[in-house]
1. Top mean-square fluctuation among Ser102, Ser89, Ser135, Gaussian network model of the chain, C-alpha springs under 10 Å?
2. Taking the Cα centre of the stretch 3-166 as the origin, how large is its charge dipole in debye, to the nearest 20, when only Lys and Arg (+1) and Asp and Glu (-1) carry charge on their Cβ atoms?
3. Helix 3-16 versus the longest principal axis of the chain: what is the Cα-based angle in degrees, 0 to 90, to the nearest 10?
4. Report the Stokes-Einstein translational diffusion coefficient (µm² s⁻¹, integer) for the chain, Rh taken as the Kirkwood radius over Cα pairs, at 25 °C with viscosity 0.890 mPa s.
5. Have a look at His227, Thr194, Val205 and report the one farthest towards the positive end of the charge dipole of the stretch 176-231, computed about the Cα centre with Cβ charges (Lys/Arg +1, Asp/Glu -1).
6. Take the Cα coordinates of the stretch 176-231, assign each an equal point scatterer, and use the Debye formula without solvent to give log10 I(q)/I(0) at q = 0.22, 0.26, 0.27 Å⁻¹.
7. Under 8 Å for C-alpha pairs, at least 6 residues apart: give me the relative contact order for the chain, rounded to a whole percent.
Amino acid sequence: MGLHGIKNIVDFIDGSNTFSSREQAISEFGAGIRRFGFEHYIISSLKTCGTAAQPLIIATNWPEEWKARYLSQRYVLHDPVAQWAVLRSRPFEWEVARRASSFSKTVHRLNGEAREHGLVDGAVIPYVGSRHVISVSSRHKIDFSPRTELGLVMMTAYLNMALDRLGCDGKAPLTNREREVLHWAASGKTAWETSEILSIAEGTVQNHLCNIRRKMEVTTTTQAVAHAILSGDIRP
């Protein structure tokens, strides 16, 4: 990564604080990874295996035909890259996950079809403490050098912060206090019990829960808890 590459990263970092929408943040990220030789990305909230893929996809520029195929065939249940993304906290190359996976006809078909659609090789950049997992891909064998890894990690970190600020799904993000309140609701605590734990008024807890339901566009606190666990806002 030469001086030009460093400048691109610095420009992205500088701009990340002024992005006005998640679309702008993701678009700038897409432009940035192209300078490292990657054409495609998928940003997801993939936190558990065995979950349908569609609700977890935040943004992707995958070819539409491949996206439709991946979802219709439920390839996420077999994809070694997706399974590693759940378990790993450090960046890794697709090929490492593929080599470590058990061979099956479905995995062989998945990898072959991905290549046919221009997703030949890639890397995954998890971000500890965030809801997002980001996978980037290229139509060529990638050079995942330490410098490339560093550049992607830095861009991913600032993209995650921008998405957290903007609300990854276009909705307003939860505040730290709202996450606390929802955490205790998920633990089975009543509004009064939560108010005692957090040393705030019971009415304040109720207001927080009302705001949470409004932000998540749900009608019950139980639905809000389920949504927050799926998105990674709180841990079960």
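1. Of Ser102, Ser89, Ser135, the most mobile in the Gaussian network model is Ser102.
2. Dipole of the stretch 3-166, to the nearest 20 debye: 420 debye.
3. Roughly 20 degrees, rounded to the nearest 10.
4. Numbers: Rh = 19.1 Å.
The estimated diffusion coefficient comes to 128 µm²/s.
5. Towards the positive end, the residue furthest out is His227.
6. Results for the stretch 176-231 at q = 0.22, 0.26, 0.27 Å⁻¹ read -0.74, -1.03, -1.10.
7. 21 percent
Since every read-out is calculated from the coordinates, none of them should be taken as a lab result. Every value quoted in this text rests on a predicted model; they were computed, and no experiment measured them. Cβ: placed from backbone, ideal geometry, glycine included. Neighbour counts: every protein chain shown.
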